[in-house]
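Read-outs: derived from the displayed coordinates by stated rules, not from any lab. Since the model is a prediction, treat every value here as computed from it, not as a measurement. Neighbour counts run over all protein chains shown; Cβ positions are idealised from the backbone, glycine included.
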Amino acid sequence: MSRQARIEPAFDASDLKETITGWLVIDETQPENEVVVSEHTSRKEAIQAAEALEQRED
């Protein structure tokens, strides 16, 4: 089964502003059971991790 992943920003919400503090890689292979598989400090790292997850075969 092929995997599907997405990245989303992780926010720190304080006062009236939101600051991106990192990037999450989410395995959405089973949409009813999405799982955060890793967190990264840069968007580039998160994209690379998501691509690697999608290429992985279990």
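Pick from 19, 29, 41 the residue whose mean-square fluctuation is largest in a GNM of the chain, springs joining Cα atoms under 10 Å. The residue that fluctuates most here is 19.
Remark on the chain: hydrodynamic radius 12.0 angstrom, per the Kirkwood mean of 1/r across alpha carbon pairs. Considering only beta bridges that DSSP places wholly inside the chain, some 100 percent are antiparallel. Length available on full extension from residue 18 to residue 37: 0.36 nm per residue minus the Cα-Cα distance, which gives 4.6 nm. Relative to the dominant Cα principal axis of the chain, helix 43-55 is inclined by about 20°. Computed over neighbours whose Cβ is under 15 Å from that of residue 12, the net charge equals -3, Lys and Arg +1, Asp and Glu -1. Computed about the Cα centre, the dipole magnitude for the chain is approximately 220 debye when only Lys and Arg (+1) and Asp and Glu (-1) carry charge, each at its Cβ.
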